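Asker: Have a look at this one.
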Amino acid sequence: MIREIRLWPDPVLRRRALPVEAVDAPVRALVNDMFETMYAAPGVGLAAPQIGALQRVLVLDTRPRQPEVQPVAMINPRIVATEGGLSVYREGCLSIPGEAEEVERPAITTVEFLDVDGQLQRLRCQGLLATAAQHEIDHLDGRLYVDYLPMLQRLSMRRRAKRRKQERAGPEQGTSIAL
C-alpha cells in the first residue's frame with residue numbers, strides 16, 4: 001500500500017525512531033509498503049519516519065545509478081565503520097520535494113542490520129548506496145540532510161518548504177483567491 005510521505009517541517013521527521021523488537025508480519029508489511037511508496041514517489045531510499053512510522057526501518061534501491069546493487073531493507077541499521085575519506089553528492093529527499101543540495105559524507109560505510117527474515121547482515125556500501133544509507137539512517141535519528149547546510153540556506157529552504165506545504169493544502173476557509 002502506498003503511504004503518505006510526511007513533508008518537512010512535520011515534527012515526526014525530528015523524532016528518533018524506536019528499535020524493532022521482532023521482525024514479524026507487521027514489520028514485513030511495513031517494508032513492503034515502504035518499497036511501494038518509494039517506487040511510486042519515485043526515490044532511491046525511504047525511512048519509516050517519513051511515512052509516520054517511528055520504527056528503525058529503511059529501504060534502499062539505487063539501481064537507477066548502480067545496476068549491480070540489489071534493493072535492500074534494513075531493520076535496526078547501524079553504521080559500524082566508515083572509510084575512504086569523504087565524498088560529495090547532491091542530495092534530495094522525498095520529505096523535502098523540489099530541493100537538492102550538496103552534502104559531504106563518508107565515501108564508504110559498513111552497515112549492520114537485520115534483514116526481513118530477522119538475520120543479521122553486514123553490507124559494505126559505496127557511492128550512491130553509501131550516501132543513501134547514511135541519509136536514511138539520519139532520518140531514523142531525527143536528522144535531515146538540511147542539518148548539514150549553513151543556517152541561512154536551511155532557513156531559506158524551510159520557508160520554501162512551508163510555502164509549498166500551504167500551496168498543497170489549498171486555500172484556508174474564508175480565504176479568497178483570484179480566478
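Since every read-out is calculated from the coordinates, none of them should be taken as a lab result. In this text, all values refer to a predicted model and were calculated from it rather than measured experimentally. Note that each Cβ is placed from the backbone with ideal geometry, even for glycine, and that neighbours are counted across all protein chains shown.
Asker: Go through the residues of the stretch 24-35 one by one and say whether even a single one is part of a loop (DSSP other than H, G, I, E, B) and touching a Ser or Thr at 6+ places or on another chain (Cβ under 9 Å).
Answerer: Among the residues of the stretch 24-35, not one is part of a loop (DSSP other than H, G, I, E, B) and touching a Ser or Thr at 6+ places or on another chain (Cβ under 9 Å), which makes the answer no.
Asker: Also, I was wondering about something else. How about the stretch 36-76: which of its residues are touching a strand residue (DSSP E or B) at 6+ places or on another chain (Cβ under 7 Å), closer than 13 Å to ARG3 by Cα and not in a strand (DSSP E or B)?
Answerer: Listed by number, the residues that qualify are THR37, MET38, ALA48.
Asker: Could you tell me how many of the residues in the stretch 1-27 are closer than 13 Å to ARG56 by Cα, in contact (Cβ under 8 Å) with a residue 60 or more places away in the chain and surrounded by fewer than 18 Cβ atoms within 10 Å (Cβ to Cβ)?
Answerer: Total satisfying the criteria: 3.
Asker: Could you tell me which residue of the stretch 74-99 is nearest to the chain's Cα centre (by Cα), considering only residues that are within 16 Å of LEU140 (Cβ to Cβ) and among the polar types (S, T, N, Q)?
Answerer: This residue is SER95.
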